[in-house]
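Working notes, structure below.
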Amino acid sequence: MIGWPVQGIFPAASDGTDINSVDRSNIKKDVLVTGDDFGKVKLFRYPCPIEKSHFNKYNGHSAHVTNVKFLFDDSYLISTGGGEKSVFQWKYIDA
């Protein structure tokens, strides 16, 4: 998912390759999750067109995050790590 509605997900001074994966929630379609080169899983509101948009950051991976995906009912999201070859399951609670 690349385009105007998600341009706010990129960190300052990004070269465009820092974000490895993006997914949007399935039910309300109002949340984005990203996995990046810094081992972070981040949640943004969708759409996210403004530079330096607010996000919630979650740590766990010790290397780059290769993929992120909401489950069909948005109850969990899954992230996969690169160097550590891990799979994380995150409980998603819509606040």
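Quick notes on this structure:
- The peptide list 84-92, 15-23, put in order of mean Cβ contacts within 10 Å with the highest first, becomes 15-23, 84-92.
- The HN-Hα couplings worked out from phi for the range 11-24 by the Karplus form 6.51 cos²θ - 1.76 cosθ + 1.60 (θ = phi - 60°) are x, 4, 6, 6, 9, x, 10, 6, 9, 9, 7, 9, 9, 10 Hz, whole numbers, x standing for Gly and Pro.
- Annotation: amide H-H contacts under 5 Å for Phe10 (H modelled 1.01 Å from N, sequence separation of 5 or more, or interchain): none.
- Remark: for residue pairs Lys40/Lys85; Lys52/Lys85; Lys42/Lys69; Lys52/Lys91; Lys57/Lys85; Lys40/Lys91, the C-alpha separation exceeds 18 Å in Lys52/Lys85; Lys52/Lys91; Lys57/Lys85.
- Amide hydrogen neighbours beyond the local backbone of Ser21, cut-off 5 Å, H modeled: Gly35
- Average projection area in nm² (convex hull over Cα atoms of the range 4-91, one quarter of hull surface): 5.3 nm²
- Derived scalar couplings between HN and Hα for the range 55-71 equal 8, 9, 10, 10, 9, x, 6, 9, 9, 4, 8, 8, 7, 9, 7, 6, 6 Hz in order, rounded to whole Hz, by the Karplus curve 6.51 cos²θ - 1.76 cosθ + 1.60 (θ = phi - 60°), x for Gly and Pro.
Values in this text are rule-based calculations from the coordinates and carry no lab data. Since the model is a prediction, treat every value here as computed from it, not as a measurement. So basically every Cβ, Gly included, is an ideal-geometry build from the backbone, and we count neighbours across all protein chains shown.
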